[in-house]
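Report on one structure; see the data block that follows.
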Amino acid sequence: MKEITATELKKLIDDKANFQLIDVREPHEFDEANINGILIPMGEAIERANEISKDKQVVVHCRSGKRSATVINALEAQLGLTNLYNLKGGILAYIEEIGI
């Protein structure tokens, strides 16, 4: 599985890179803190896969990186997606390294 660090994600954001950010946490977690990703909770990822870009880099994140890794594994296995990157350490790492 491909991963991206919080610092690398911040650079994509700052450079206004053409990528998609998906947050697979639950709505209450998203409301507490978010980095402007599209909220697609883990349990909805497969059924909402049509909302996930197939032709550009997609960074998937959760709280710590575990749920997003599970979602990426499922999307890669079931739909053959190859453009997915897991945010290493999740939003916790992003908050620690970058802040929000």
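The values are calculated or read from the model by the stated rules, or taken from the named source; none is laboratory data. The structure presented is a predicted model; accordingly, all values stated were derived computationally and were not measured. In this analysis, Cβ positions are derived from the backbone assuming ideal geometry, glycine residues included, and neighbour counts consider all displayed protein chains.
Screening the candidates Glu8, Glu76 for the property of being under 22 Å from Glu97 (Cβ atoms), modelled with pLDDT of 95 or more and not in a strand (DSSP E or B) yields one hit, Glu8. Condition first: assigned to a loop (DSSP other than H, G, I, E, B), in contact (Cβ under 8 Å) with a residue 40 or more places away in the chain and of a type in the set (A, V, I, L, M). Now tell me which residues in segment 79-100 satisfy that. Ile98, Ile100 - these are the residues of segment 79-100 that are assigned to a loop (DSSP other than H, G, I, E, B), in contact (Cβ under 8 Å) with a residue 40 or more places away in the chain and of a type in the set (A, V, I, L, M).
Among the residues of segment 11-43, the one identified as touching a Gly at 6+ places or on another chain (Cβ under 9 Å) and assigned to a helix (DSSP H, G or I) is Phe30. Of the residues screened, Gly43 is one that is without any contact (Cβ under 8 Å) to a residue 12 or more places away in the chain and either surrounded by 15 or more Cβ atoms within 10 Å (Cβ to Cβ) or not hydrophobic (A, V, I, L, M, F, W, C) (or both).
For segment 65-72, the criterion of a residue being at pLDDT 95 or above, among the polar types (S, T, N, Q), part of a helix (DSSP H, G or I) and buried (at least 19 other Cβ atoms within 10 Å of the Cβ) is satisfied by at least one position.
Which of the numbered conditions does Glu51 fail, given that it passes all the others? Conditions: (1) within 12 Å of the chain's Cα centre (by Cα); (2) without any contact (Cβ under 8 Å) to a residue 60 or more places away in the chain. Checking Glu51 against (1) within 12 Å of the chain's Cα centre (by Cα); (2) without any contact (Cβ under 8 Å) to a residue 60 or more places away in the chain, the one that fails is (1). Of the numbered criteria (1) under 14 Å from Asn83 (Cβ atoms); (2) of a type in the set (Lys, Arg); (3) surrounded by fewer than 12 Cβ atoms within 10 Å (Cβ to Cβ), the one Lys54 fails is (3).
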